[in-house]
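The values are calculated or read from the model by the stated rules, or taken from the named source; none is laboratory data. Just so we're clear, the structure is a prediction, and the values are computed from it rather than from any experiment. Methodologically, a virtual Cβ is constructed for each residue, glycine included, from the backbone with ideal geometry; neighbour enumeration extends over all protein chains shown.
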Ligand SMILES: [Zn+2]
């Protein structure tokens, strides 16, 4: 290995729900810069953790630029997006020549006035480094991949799991391919097959449903020597932009015809399975009834339509209200974003009684604020270390209070948070798996850590910005016709 090789690394990650009224700014990304990236991401089970491990093992110099990721929400303002792009550009420029660029991206990011956020970034990086320097990226399984993205990279590695527990492994693969490309042992080329389909994200898990067959076929294609990687992208339907939709991306070693052929073939399978992505949910009333009557817990009520992991505010009250109308006990709810309630709980103090309206304050789509009276149980700073997905990375959900109301322990947070890691409960004094009912504001990533311990998962049809019922959204910019909005 030549010791002088140097690769720039960056992460900019956001899944943008363009229907959200919550704008996203730079601070929401918890950005870290330069050498700090080693401190924050080194040793974590993330894409950047994978980049760092491989490049160090191969004695490749690392040029760290920026690593920034925000909880899904509305579009990021243009100025902050441009600042993040500039930070990468300056990072590459400032150190003189780099031999390659590795990017950890989501693929469903939208900035104000820039619907093609990742495409714009990749194009800019390509223009900067020229065509002879490899640019390789990782993408989320929910990426909305476009041609401008694939035309400006040498290879793409999409997550192969949902819940996404392979972030580190994909980072390792991408960095490994970077090294192979730099040493001339691989010459990756990329083909994209985009489909006129925009399924809801509710049935995109890789352990059941249509993704099982798709990823099996992808693995089979990858067993061919000339095939480097096959990614299946379900896409993200809560973005009113032209590049929505599912896709297949195939990377081969120098054989563009084969890449095109395989992406078309697997795209055909994806299209033929489209109806299997749809799923019936359980009404709020039936779901709560079923959970209350269950002989054994924990029963998980998944509030899939108010999933902060997809850009919803995480302050919906509809399921909470239904539970309060029943005689329940031993229920845990994570989490309701309500900074005002957190403030009041802190003023009230642990063991004090708090009466106020909580939740339903971001917009009119997630139920009215609900009047509660309960005891403050715990107060924390809302920081904890992930032990499930993104293991090792620190979460910060803002100051946090637990309010116990009629047998329901409600976690109140300052920031929106999808409780995919049970640490959110434990950090706040609750053992989630001892609960009879757990209400989780999450679409599906919670399953990795919770499903082995739960008796049943009920996906609840409450209202919200991540409802699988796409007819509730007023699309104006997506290409039509598109399935399932149009009968294709
Ligand atoms: Zn995803």
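Observations, loosely collected:
- Residues that are out of contact with any helix residue (DSSP H, G or I) (no Cβ under 7 Å at 6 or more places or on another chain) and assigned to a helix (DSSP H, G or I) were ranked within the stretch 194-212; the one that is nearest to the ligand (Cβ to nearest atom) is 211.
- Residues (touching a strand residue (DSSP E or B) at 6+ places or on another chain (Cβ under 9 Å) and surrounded by fewer than 19 Cβ atoms within 10 Å (Cβ to Cβ)) located in the stretch 173-184: 180
- Evaluation of residue 471 against (1) at pLDDT 95 or above; (2) outside any loop (DSSP other than H, G, I, E, B); (3) more than 16 Å from the chain's Cα centre (by Cα) (one fails), failing number: (1)
- Candidates in the stretch 215-224 are the residues that are assigned to a helix (DSSP H, G or I) and away from the ligand (no atom under 16 Å from the Cβ); of these, the one that is farthest from residue 114 (Cα to Cα) is 220.
- Taken together, the residues in the stretch 151-172 that are touching a residue at least 60 places away in the same chain (Cβ under 8 Å) and surrounded by fewer than 22 Cβ atoms within 10 Å (Cβ to Cβ) amount to 5.
- Filtered residue count, the stretch 10-54, keeping only those that are in a loop (DSSP other than H, G, I, E, B), more than 16 Å from the ligand (Cβ to nearest atom) and farther than 28 Å from residue 474 by Cα: 7
Okay, residues lined up against (1) outside the structural domain of residue 113 (by TED's automatic domain parsing); (2) free of Cβ contacts under 8 Å to residues at least 24 places away in the same chain; (3) more than 26 Å from the chain's Cα centre (by Cα):
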| position | (1), (2), (3) |
| --- | --- |
| 222 | no, yes, no |
| 229 | no, no, no |
| 233 | no, no, no |
| 243 | no, no, no |
| 256 | no, no, yes |
| 261 | no, yes, yes |
| 269 | no, no, no |
